[in-house]
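Values quoted throughout were computed directly from the atomic coordinates according to the rules given, and no laboratory measurement underlies them. In this text the structure is predicted, and so the values were computed from the model without any measurement. Here the Cβ is made from the backbone with ideal geometry for all residues, glycine too, and neighbour counts use every protein chain on show.
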Amino acid sequence: MDVRTAEAIAVRYELAGLGSRFLALAIDMSAQVAAVVTVVLVLGIFGASVARAVVWLRLDKAASVAALILLALTAFVLFFGYFIIFELVWSGQTPGKRALGIRVVRDEGFPVDAGAAIIRNLVRIVELVFGFYVISAFVTLLSPENKRPGDFAAGTIVVRDRPDELPVFAALLRDDPEHDDGLDRDDRALIAQYLARRAALEPSAAAAVAARIAGRVRPKLRASFHYLDDAALLEHLGRPV
């Protein structure tokens, strides 16, 4: 999936498949079960002491209401706040997603924000109630972008981390592209002329000229700049050294 940023840079994402997403969910649910077991053990250890204190203070009714509220909040945090908190703190990843090398991002390619994280995980409640994610699996399979209902509601996608592409992006930070990118003086002069004159051209003509020049220089480049369109590529190659 290609996403074009406001700076006219195309960023390519590899969408996470149904298998990796549900394996990540299985890991997360295992962590949730472990957390529930821990809470139950703590309650088993301290519950009797708390109950005796409640009877002694004669707070039976108030304590019951408080206990129910606390239990409801704890259940929500363990089962749904878990996803929201981790996706915000770990930039779209939960422990399961991190283990599988996937993360949630917004449709525009930006990191997931609080609103999107909350919406996609509140919809998870409906997905869990109706068929225990079975409907979600069918929706994901039918979606061209592998989206479950929560992703549609929040405007998010789940993508794979691609650490192997980081060296390609590092080419943007090179201090001396003249000696590294593989272009000769004629290519560089042609790019400079285009950048100097493009403002005087009609947009369609400027795009056509950029496409011709980019078609000439791309095969010579030592790095793959597939994430840059023609105009953005020429701007990058023609920047001052």
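The Ala200 and Lys220 beta-carbon pair, evaluated with R₀ = 30 Å, returns a calculated FRET efficiency of approximately 0.65.
Sorting 32-38, 150-156 by their mean Cβ neighbour count within 10 Å, with the most densely packed peptide first, gives 150-156, 32-38. Estimated at 0.36 nm per residue, the fully extended path between Leu41 and Ala99 surpasses their Cα-Cα distance by 18.2 nm.
Length available on full extension from Gln193 to Phe110: 0.36 nm per residue minus the Cα-Cα distance, which gives 26.5 nm. Relative protection proxy for 39-45, 107-113, from highest mean packing down: 107-113, 39-45 (other beta-carbon atoms within 10 angstrom). If you take the Cα centroid of the stretch 197-237 and the Cα centroid of the stretch 141-162, the two points sit 32 Å apart. Couplings for the stretch 224-229, taken from phi via the Karplus curve 6.51 cos²θ - 1.76 cosθ + 1.60 with θ = phi - 60°, read 8, 10, 4, 7, 10, 6 Hz in order; Gly and Pro are left as x. Derived scalar couplings between HN and Hα for the stretch 203-213 equal x, 5, 5, 4, 5, 5, 5, 4, 5, 5, 5 Hz in order, rounded to whole Hz, by the Karplus curve 6.51 cos²θ - 1.76 cosθ + 1.60 (θ = phi - 60°), x for Gly and Pro.
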